[in-house]
Every structure is written in C-alpha cells, then in structure tokens.
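For reference, the structure is listed below as structure tokens.
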Amino acid sequence: MWPLDAEAAFGVLPTRLRLHADPRFSGRGIAIALIDSGFYPHPDLVEPQNRVKLWADATRDPVSVFRFGKTETPRWPDWDGVRDWQWHGTMTSVVAAGNGFLSHGLYSGLACSADLVLIQVRESNGHISSASIERALTWLLEHGAEFGVRVVSLSVSGDADLPLADNTVDKAVMALIDAGINVVVAAGNDGQRRLLPPATAPFAVTVGGIDDKNVFSRDELSLWHSNYGSGSNEAPKPELVAPSIWVAGPVLPGSAVAREAQELFVRRAKRYADAEGRIADLKLITPHYQHIEGTSFAAPVVASAIACMLEANPDLTPLLIRDVLKETAHPVPGADRERQGAGAMNPGLAVAHALAERHGNYGRQRISPSQSVDGISFFLHDHKASIVQVFGSWNNWQAPGLAAERTQDGFWQTPPARLAHGRHTYKFLLDGDTWLDDPANPHKAADGLGGLNSVFVSNGDASQSS
C-alpha cells in the first residue's frame with residue numbers, strides 16, 4: 001500500500017470527516033444493494049474480510065446470481081476483464097461502503113462496515129435499459145430480505161422515452177419502499193429541468209449535487225449542475241443534495257490509469273517536473289484513489305448515510321428516514337429551493353435523530369445543547385457508555401467537566417449549567433477515553449488535532465432556546 005502523501009496535488013478531505021459523520025456507526029449489519037453498469041471486487045470491499053454477499057446479472061431473465069461467504073474471494077464472469085464500464089459501479093460501491101483498505105482507512109465510505117449486493121445492468125451492447133433496471137428491482141423485492149438488503153442505490157437511468165407517469169420502473173421502486181427497503185437515486189448531471197426514471201419515483205430519495213470546494217465551511221457551499229424538476233405525481237425533486245465533486249473514489253485496479261498512477265507517483269517522488277501536471281489531469285490523490293464528480297457518487301453517499309441510520313435504529317421505515325434526512329438537511333446559501341430540495345445532507349445529525357426516534361417525542365424534543373431559563377444542558381444518545389462527561393472552552397477544558405446523568409436507557413443529560421455569554425467549543429468524553437463531538441449539533445470547528453469540536457453560542461442569561 002502506498003503511504004499517505006501530504007503533497008498529493010489534488011488531495012481531498014475524507015468523506016467521513018467532511019460530512020461530520022458519527023464515528024460510532026458504519027452500517028454494520030446492513031446490506032446495501034447497488035445497481036450499476038458493472039463492478040470489480042475492489043480490496044476496499046473484500047479485504048481483510050469479504051463483504052460482497054452477491055453479484056448478479058440482471059440483463060436477462062432469469063437473473064444470474066453468484067453468492068459469496070465472508071472468507072471467500074468473490075469472483076464472477078469477466079470480473080478481471082478491466083473493462084471501462086466496470087469503473088462506474090466500482091466507484092459507487094467503494095464510495096458507499098469502502099473501508100479504505102488501500103489508504104490505511106482514510107478514504108472510507110460512511111458505511112464502511114456494510115455488506116454489499118452488486119447487480120449489473122449493462123447489456124452486452126453497452127446499453128442500460130429500463131427493462132434491466134426493473135428486473136433488478138423486482139429481483140430485490142423477491143430476494144433482498146434474504147441478504148439483509150435495507151438500502152438500494154441507483155446511479156443509472158433507463159430509456160429516455162419511458163413515460164414519467166405510471167411507468168413500470170417507478171412502480172418497481174414503490175414496491176420496494178412498501179416492503180421496507182429504502183431507494184436512493186442520482187438526479188443526473190446536466191443541470192436541466194429534466195429527470196428520468198427511477199429518479200422520478202415519488203418516494204425514492206432523489207439526490208442532487210453540491211460543491212463544498214473541498215473545505216469545511218458552509219459559507220463556501222454551492223450547488224453543482226445536477227438535474228431537477230418534478231417526478232411522477234408531480235413530486236418535486238431532488239429531496240436533498242450531497243457532495244458530487246471532490247469525492248474520493250478508487251482507481252480501477254489493473255487499468256491503464258492504475259498503471260500510469262503507479263509510475264507517476266514514483267516520478268513525483270524523484271522530483272520529475274512532468275509528474276505534477278499529469279497527476280492533476282488524472283485527478284489522482286494516491287496511486288489507488290482519484291477524486292471524482294457526478295450525482296452518481298452523491299447518491300451512494302446518501303445511501304451509506306441511511307445504512308448508518310438503520311444501524312442506529314433498525315426500526316426506521318423508508319418514509320420516516322426520508323423525512324429525517326430532509327428535516328436535518330441544511331440549506332445551500334442562495335440556491336433555489338427547487339434545485340436543492342431540503343438542502344445538503346447532514347449524516348451526523350440524521351443519525352442523532354434516528355437514535356432519538358427510539359425514545360419517541362422525549363428524544364426528538366431534546367436539541368443539544370439546549371438553553372432554558374435554568375441554564376444550558378447537553379444531551380447524548382449512547383447505549384454503550386457507562387460514564388459521560390462534557391468538557392469545553394468555558395473553563396479551558398478543565399476536569400472534571402460537566403457530568404451527564406442517564407435519564408433513561410441510552411439517553412444522557414447534563415444538569416443545566418450557567419455559562420458565560422459568547423461562543424464555546426466542547427466535546428463529550430465517554431468512559432474517560434473516547435472523545436466525541438456532539439452528533440446532534442451540526443455546528444463544528446477544527447480542534448487542531450485532526451478532529452472536530454462542537455460549537456454553540458451562549459446568550460449568557462439563558463433566557464432563550466438554542
């Protein structure tokens with residue numbers, strides 16, 4: 001494995017860090033099905049233990065299926081053909097659920113512990129038809145539960161002449177949602193008021209794109225040129241937006257790009273002048289990763305966030321997950337509502353709401369931190385911790401901090417504290433050894449140690465809600 005290189009000409013922020021993901025959840029126990037042109041068993045999916053449960057070919061009936069165990073090395077027809085069309089599905093699957101094996105864990109997806117079901121829909125003539133997509137969706141309706149599939153991600157569209165209303169692809173999506181399986185679809189990349197099935201499906205989560213300029217500041221956030229409009233039954237689309245540029249994805253192993261990347265990084269290490277420009281042209285981060293763009297990659301990022309939500313609370317239904325994602329999204333400044341939906345996805349806050357949903361209204365009403373006439377209280381949902389403390393800048397992070405009390409199973413709250421007026425940073429300390437920024441608070445600041453602190457502003461007299 002290539003060592004991480006701070007000099008990478010086009011380095012990008014790791015997905016989990018840039019999206020303020022809750023580090024306690026990684027999609028464990030959840031299977032994500034990806035429907036795409038083709039796939040490769042990338043090391044980030046099969047090492048050190050295989051997480052690809054199944055590969056299927058849905059281009060003809062009956063669907064051809066190959067199953068794999070955790071100790072097996074997955075192989076399927078032409079798996080090592082190094083075809084151009086294998087790159088797209090390899091990208092989407094690794095963006096969603098790669099564990100960063102070739103980057104020492106740095107470039108991992110949000111659902112880096114999730115299992116995978118990979119369904120190929122590219123036909124031998126290179127076409128991706130609505131019939132193949134529908135066949136893949138129907139197969140998942142019949143067999144998905146057997147493999148633990150709770151989320152389906154589609155970064156493909158069917159035939160352009162398929163009717164928007166009453167089409168069979170959207171009906172197949174709706175059948176999956178009725179069966180309790182979440183469906184996430186890419187909006188498309190043309191910046192037009194035009195959507196194709198399955199992005200038109202009313203209750204699918206259709207995802208547009210944003211450009212965060214590869215920085216943390218929301219002030220830099222802008223929309224990417226993704227499609228928008230109305231889906232079936234005049235449903236406004238997209239529901240939300242997610243990073244669609246500066247996303248770290250894999251180079252297809254064995255490809256010409258992979259071979260050239262290896263040579264380029266050797267040349268750059270030897271200070272050859274021509275290496276930097278070519279690394280930039282290929283958008284390389286390391287010999288194994290490059291940054292990519294398109295709503296094709298925004299959709300699996302959202303799918304991976306849903307897997308984390310389901311790990312936190314397996315009882316969530318697709319419609320509730322859709323509502324939580326929209327409720328916790330933050331608006332893109334200056335962008336038309338029609339093009340951004342509810343705004344940019346916030347995975348950490350969505351997981352916090354998913355956890356709180358176990359507690360009904362009790363959990364959902366507690367925003368952390370919360371200001372009242374009695375003072376400021378901090379809240380955390382965590383079933384594993386035995387001791388929870390809050391440390392912050394109000395007293396220069398001095399011990400013992402604020403001690404939280406367990407108010408019910410897995411739910412922690414600090415007694416109200418009167419803190420000085422102004423901006424404060426803070427973190428939770430779990431069991432004396434694990435620091436955690438507040439998952440329910442979307443406001444963050446760099447902690448100077450490669451992580452994040454949570455931020456709030458005290459009004460001093462504690463007379464208003466935060």
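What follows draws every value from the coordinates through simple rules; no lab data is involved. Every value quoted in this text rests on a predicted model; they were computed, and no experiment measured them. Every residue, glycine as well, gets a Cβ built from its backbone with ideal geometry; the counts of neighbours run over all protein chains shown.
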What FRET efficiency, computed as 1/(1 + (r/R0)^6) with R0 = 51 Å and r the Cβ-Cβ distance, is obtained for D409 and D80, rounded to the nearest 0.05?
-> 0.55
Based on the alpha-carbon gyration tensor of the range 224-378 and its eigenvalue square roots a ≥ b ≥ c, which shape applies: rounded if a/c is under 1.5, prolate if not and a/b is larger than b/c, or oblate?
-> prolate
Any chance you could run the full-extension gain for E142 through L449? It's 0.36 nm times the residue separation minus the Cα-Cα distance, nm to one decimal.
-> 105.7 nm
Pairwise label distance in nanometres, F66 with N125, each label 7 Å out on the Cα-Cβ vector | 2.6
All other residues with a Cβ under 10 Å from the Cβ of T425 taken together, and with Lys, Arg as +1 and Asp, Glu as -1, what is their net charge?
-> +1
At the level of C-alpha centres, the distance separating the range 330-354 and the range 439-454, in angstrom, is 18
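Counting other C-beta atoms within 10 Å, which of H383, H443 has the fewest, and how do the rest follow?
Ordered from fewest to most neighbouring Cβ atoms within 10 Å, H383, H443 come out as H383, H443.
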Give the percent of DSSP beta bridges with both residues in the chain that are antiparallel, rounded to the nearest 5.
-> 60
Shape of the range 15-354, Cα gyration tensor, a/c cut at 1.5 = rounded
Just need log10 I(q)/I(0) for the range 8-113 at q = 0.18, 0.20, 0.25 Å⁻¹, Debye formula, equal scatterers on the alpha-carbon atoms, no solvent, rounded to two decimals.
-> -0.92, -1.10, -1.52
Kindly provide log₁₀ I(q)/I(0) values, in the same order as q = 0.11, 0.13, 0.23 Å⁻¹, from the Debye equation applied to equal alpha-carbon scatterers of the range 366-458.
-> -0.27, -0.38, -1.29
Spatially proximal lysines relative to K237 (Cα-Cα < 19 Å; intrachain offsets below 8 disregarded) = K171, K326
Trypsin sites (Lys or Arg not before Pro) within the range 243-279: DSSP coil, no more than 16 neighbouring Cβ in 10 Å | K270, R271
With a Förster radius of 25 Å, plug the Cβ-Cβ distance of L17 and K384 into 1/(1 + (r/R0)^6) and report the FRET value to the nearest 0.05.
-> 0.65
Each residue of the range 331-344 in order: what ³J(HN,Hα) in whole Hz does its phi give by Karplus 6.51 cos²θ - 1.76 cosθ + 1.60, θ = phi - 60°, with x for Gly and Pro?
-> x, 8, x, x, 8, 4, 4, 4, 8, 10, x, 6, x, 7
Tally Lys/Arg at +1 and Asp/Glu at -1 over every other residue whose Cβ is under 13 Å from the Cβ of V215; what's the total?
-> 0
On a 0 to 90 degree scale, rounded to 10, what angle separates helix 256-269 from the longest Cα axis of the chain?
-> 50
Rounded to the nearest 500, what is the chain's calculated 222 nm mean residue ellipticity when only DSSP H runs of at least 4 contribute -39500 (n - 2.57) each, over all residues?
-> -7000 deg cm²/dmol
